[in-house]
Amino acid sequence: MEKTKLDRINELAKKAKTTGLTNEEKQEQQELRQEYIMGFRNSLTSTLDNTVLMDEKGNKRKLERKNNKKLH
């Protein structure tokens with residue numbers, strides 16, 4: 001996510017605590033947060049998909065995904 005969008009998320013959060021947000025600002029905040037969360041999840045998923053574990057004998061294996069929980 002771009003730094004300008006992160007700065008805007010922080011700006012809206014600060015404004016929400018002090019003076020409050022208009023309906024348009026609340027909508028913008030929600031959209032920016034969703035974009036941030038999706039980017040974070042995609043990055044984390046990519047990292048975990050490329051993670052390899054090594055046991056005591058030196059055998060390498062990829063992490064296995066659990067199928068009991070929806071990711072997105």
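Every read-out reported here was derived from the displayed coordinates using simple, explicitly stated rules and does not represent laboratory data. No experiment lies behind these values; they were computed from the predicted model shown. Every residue, glycine among them, receives a Cβ derived from its backbone with ideal geometry; neighbour counts consider all protein chains shown.
Measuring r between the beta carbons of GLU24 and LEU44 and using R0 = 25 Å, the FRET efficiency lands at 0.25.
What do the square roots of 5 times the Cα gyration tensor eigenvalues come to for the chain, in whole Å, largest first, as semi-axes of the equivalent ellipsoid? Show your work: numbers first, answer last.
On the way: eigenvalues 299, 33, 18 Å².
Its equivalent ellipsoid spans semi-axes of 39, 13, 9 Å.
Split the chain at each of the GluC sites (Glu not before Pro) in a DSSP loop with at most 12 other beta carbon atoms within 10 Å, and the longest piece is 3-55.
In plain terms, the chain from ILE37 to THR4 could stretch by 10.3 nm, reckoned as 0.36 nm per residue minus the Cα-Cα distance. Helix-only mean residue ellipticity at 222 nm, the chain, DSSP H runs n ≥ 4 weighted -39,500 (n - 2.57), per residue, nearest 500. What is it? After summing the helix terms and dividing by residue count, I get -21000 deg cm²/dmol. Label separation (LYS17 vs LEU63): 3.1 nm, computed from points 7 Å beyond Cα along the C-beta direction.
For the chain, what relative contact order do you get, as a whole percent, if you take Cα pairs closer than 8 Å and at least 6 residues apart?
21 percent
Of the three principal axes defined by the Cα atoms of the range 26-66, the extents in descending order read 54, 15, 11 Å. Helix 23-49 axis versus longest C-alpha principal axis of the chain: approximately 10°, rounded to the nearest ten.
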